[in-house]
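Data block below; observations after.
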Amino acid sequence: MRMTEVATTLAEARILPGLAREIKPRPLSTRDCFGARVEATAARYPLHTAVIFEGRELTWRELNEYANRYASALRGLGLMRGDTVSVMLENRVEYLAALIALNKLGAKAALLNTNLTGGPLIHCMSITDSSMCIFGEERLDAVNDVREDPALASVATYLFVPDAGELACPLWAADLAEESADEDHENPPETGRMTLGDTALYIFTSGTTGMPKAAVLSNRRYLMTAALSYKAGLRCDERDCIYLCLPLYHGTGLFLGVGAAFCTGATMFIRRRFSASNFLGEVRQHGATCFIYIGELCRYLLNTPAQADDYKNPLGTMMGNGLRPDVWHEFKARFGVRRVAEFYGSSEGNVGFLNFLNKDCTVGATTLPVALVKYDVDADEIVRDATGRCIKVARGEPGLLLGKITPVTAFEGYTSKEATEKKILRGAFKPGDAWFNTGDLMKIVDVGFTMGLPHYQFVDRVGDTFRWKSENVSTNEVGEIINAHPQIAFCNVYGVEVPKADGRAGMAALSLAEGVTQLDLASFSAHICARLPAYARPVFLRIQRELDTTGTFKLVKGELRSQAYDPEQVTDALYVMKPGASQYEALDAEFAARIRNGTADF
């Protein structure tokens with residue numbers, strides 16, 4: 001053991017006492033919320049820049065007053081504590097102001113994926129029983145297409161938020177900018193009455209089956225996650241600038257980046273969407289010291305032309321998830337990053353890991369009660385002993401991650417009680433115990449001196465969900481869309497590995513309807529593109545005469561995943577939707593070779 005490694009680890013660990021105080025669960029009756037944190041930050045740093053966005057800069061006082069005017073307008077429109085409001089805007093200042101305003105009033109914000117349209121959009125708005133919908137000019141068409149659906153009868157008020165000014169507020173909505181323009185900018189009295197136990201947000205997750213589920217997130221979980229970020233991950237304060245380009249309807253950017261800024265006064269540089277070509281210039285221009293990432297963004301950045309001075313920038317710390325081991329070291333060296341705080345967690349989960357000791361290629365450690373148990377991936381089921389109990393894996397062996405449910409590590413669940421119960425594993429090791437099933441395979445890895453804290457590494461998703469393009473994709477949801485095409489009898493959707501790409505690409509094995517001898521690629525492609533966002537569209541298709549099933553009629557995925565799209569192993573017809581394309585075409589040997597050598601640009 002090198003003394004320098006021990007010294008470095010000990011130095012990193014100095015934050016442990018303070019971190020323990022910050023993330024220690026407080027009683028749910030404690031009065032606090034992230035809206036209150038913004039008020040405190042605005043009082044402490046009123047003239048300090050809070051947010052930079054497309055040439056605009058707002059101080060903390062201005063951002064807080066902006067949110068207060070929104071809150072006053074929303075109260076005047078009848079919004080009350082406990083109501084739910086669907087929010088559908090791209091990353092921008094108005095999005096932050098809306099979330100802060102809702103939290104100050106004690107309303108629950110249901111954060112809609114801006115890619116949603118049609119049925120999935122209706123589903124997400126209806127399952128949260130939203131009484132209002134705040135939407136941006138940029139999403140006017142999507143909202144207009146669904147607003148008259150009977151399932152949305154509870155949505156009494158639609159609030160339009162101007163953007164580029166190209167589209168006027170429709171007659172069926174009120175203009176939130178106009179409604180709030182002359183409202184009171186003082187802090188609303190309701191904020192002081194909000195508690196940690198109040199639900200702050202609904203974050204949508206694909207889950208493992210069916211349509212997206214709404215995960216319940218309390219003020220306590222939001223603030224604890226934010227504290228984990230600013231205290232142990234980013235280790236930021238008011239002198240820092242956090243670069244944010246991930247969609248803020250996801251927890252990674254909203255909890256770790258925005259939450260850290262709310263609590264410390266750090267500046268946020270916000271982008272609507274990621275741009276690899278603009279990244280380094282903006283980091284330098286605005287003095288960004290922290291970066292909230294997902295692994296795929298890092299791969300994109302490494303694919304940009306390298307310059308000799310790429311490391312000359314203010315960026316020193318990054319926090320996120322999904323950074324591949326084969327990218328980790330190269331990214332740090334090229335861009336001069338000294339600290340990578342990789343984390344593991346989910347919006348709905350009760351367990352989290354953080355690489356706060358700055359060990360390479362690990363999601364870090366946790367002080368929460370967890371277990372890794374044996375899992376049969378091909379059978380898609382937990383392996384149990386003769387008494388029906390779970391079996392813990394040996395150290396270093398991959399296993400399904402379970403998080404113990406206790407009063408301190410509560411599983412707040414979803415809006416659906418049935419969906420909540422499906423994620424709980426009861427009697428896993430003894431009668432009466434309860435564990436949250438993460439659906440992820442993890443393993444313990446040796447990364448040197450860690451002060452006795454085992455460090456973990458993410459292995460893979462299991463079951464019916466895989467990650468692609470930073471999004472969780474539900475195979476059942478995709479399968480339902482595919483099966484709606486008139487030429488399809490049955491389909492089997494699964495994720496397959498693509499060299500030098502993060503996550504797994506979607507692949508669908510198709511059985512054609514009776515009498516259909518050839519799939520109409522143009523019709524099928526149009527069907528898929530119209531009903532699924534780009535990240536959920538299967539990249540590969542395989543036409544089979546019959547789909548293999550188990551004795552209990554479960555679709556078999558193991559061999560299909562193994563053979564994937566390899567023409568040398570698959571005699572069935574194979575098709576691919578190439579990057580940037582909108583129609584499937586035959587997968588030929590030349591393009592298959594490009595995929596294998598990692599030059600297909602996925």
Scan (1) in contact with a helix residue (DSSP H, G or I) (Cβ under 6 Å, 6 or more places away or on another chain); (2) closer than 24 Å to residue 212 by Cα; (3) modelled with pLDDT under 90 for the single condition residue 481 breaks and write down its number.
-> (3)
Please go through the stretch 439-466 and pick out each residue that is among the charged types (D, E, K, R) and either within 25 Å of the chain's Cα centre (by Cα) or in the same structural domain as residue 535 (by TED's automatic domain parsing) (or both).
-> 440, 443, 460, 461, 464
Kindly establish whether residue 589 is out of contact with any Phe, Trp or Tyr (no Cβ under 9 Å at 6 or more places or on another chain), over 22 Å from residue 490 (Cα atoms) and exposed (fewer than 12 other Cβ atoms within 10 Å of the Cβ).
-> yes
Are there any strands (runs of 3 or more DSSP E) wholly within the stretch 31-92 with 1 or more residues that are out of contact with any Leu (no Cβ under 6 Å at 6 or more places or on another chain) and within 19 Å of residue 193 (Cα to Cα), and if so which?
-> 84-88
In this structure, does residue 414 turn out to be in contact (Cβ under 8 Å) with a residue 60 or more places away in the chain, of a type in the set (Phe, Trp, Tyr) and farther than 15 Å from residue 350 by Cβ?
-> no
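Do the conditions hold for residue 493, that is, is it surrounded by 20 or more Cβ atoms within 10 Å (Cβ to Cβ) and closer than 26 Å to residue 440 by Cβ?
The answer is yes for residue 493.
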Inside the stretch 388-419, the number of residues satisfying the requirement of being among the basic types (Lys, Arg) and in a strand (DSSP E or B) is 2
Within the stretch 283-325, residues being in a loop (DSSP other than H, G, I, E, B), modelled with pLDDT under 95 and crowded, with 20+ Cβ neighbours inside 10 Å number 2
Single residue of 239, 273 found to be more than 23 Å from residue 71 (Cβ to Cβ), part of a loop (DSSP other than H, G, I, E, B), within 15 Å of the chain's Cα centre (by Cα) and among the basic types (Lys, Arg) | 273
Sole residue being of a type outside the set (D, E, K, R), more than 28 Å from residue 61 (Cα to Cα) and touching a Leu at 6+ places or on another chain (Cβ under 6 Å), chosen from 161, 146 = 146
If you go through the stretch 280-297 one residue at a time, do you hit one that is within 20 Å of residue 342 (Cα to Cα), outside the structural domain of residue 481 (by TED's automatic domain parsing), in contact (Cβ under 8 Å) with a residue 40 or more places away in the chain and of a type in the set (Asp, Glu)?
-> yes
Is the stretch 379-392 home to any residue that is surrounded by 21 or more Cβ atoms within 10 Å (Cβ to Cβ), within 22 Å of residue 466 (Cα to Cα) and touching a strand residue (DSSP E or B) at 6+ places or on another chain (Cβ under 9 Å)?
-> no
Scan the stretch 216-243 for residues that are among the hydrophobic types (A, V, I, L, M, F, W, C), under 30 Å from residue 129 (Cα atoms) and buried (at least 24 other Cβ atoms within 10 Å of the Cβ) and jot them down.
-> 223, 226
Pairs where the first residue, in the stretch 153-173, is outside the structural domain of residue 95 (by TED's automatic domain parsing) and the second is of a type outside the set (Val, Ile, Thr) and surrounded by 11 or more Cβ atoms within 10 Å (Cβ to Cβ), C-beta under 9 Å, 6+ apart | none
In the stretch 348-387, which residues are at pLDDT 95 or above, among the small types (Gly, Ala, Ser) and either farther than 13 Å from residue 442 by Cα or assigned to a loop (DSSP other than H, G, I, E, B) (or both)?
-> 386
Restricting the search to the stretch 420-446, which residues are without any contact (Cβ under 8 Å) to a residue 12 or more places away in the chain and in a strand (DSSP E or B)?
-> 426
State whether one or more residues within the stretch 365-372 are touching a residue at least 24 places away in the same chain (Cβ under 8 Å), surrounded by 22 or more Cβ atoms within 10 Å (Cβ to Cβ) and over 30 Å from residue 560 (Cβ atoms).
-> no
Quick one: would you say residue 446 is acidic (Asp, Glu) and surrounded by fewer than 16 Cβ atoms within 10 Å (Cβ to Cβ)?
-> yes
Residue 100 in a strand (DSSP E or B), at pLDDT 95 or above and buried (at least 24 other Cβ atoms within 10 Å of the Cβ) | no
Report, by residue number, each residue of the stretch 1-49 that is hydroxyl-bearing (Ser, Thr, Tyr) and either at pLDDT 95 or above or surrounded by 12 or more Cβ atoms within 10 Å (Cβ to Cβ) (or both).
-> 8, 9, 30, 41, 45, 49
Of the listed residues (320, 345), the one being more than 18 Å from residue 245 (Cα to Cα) and among the small types (Gly, Ala, Ser) is 345
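Could you check the stretch 103-112 and list, in sequence order, the residues that are touching a residue at least 60 places away in the same chain (Cβ under 8 Å) and assigned to a loop (DSSP other than H, G, I, E, B)? Lay out the reasoning, then the answer.
Of the stretch 103-112, the ones touching a residue at least 60 places away in the same chain (Cβ under 8 Å) are 103-106, 108-112.
Residues satisfying the conditions are 106, 112.
The values are calculated or read from the model by the stated rules, or taken from the named source; none is laboratory data. No experiment lies behind these values; they were computed from the predicted model shown. So basically every Cβ, Gly included, is an ideal-geometry build from the backbone, and we count neighbours across all protein chains shown.
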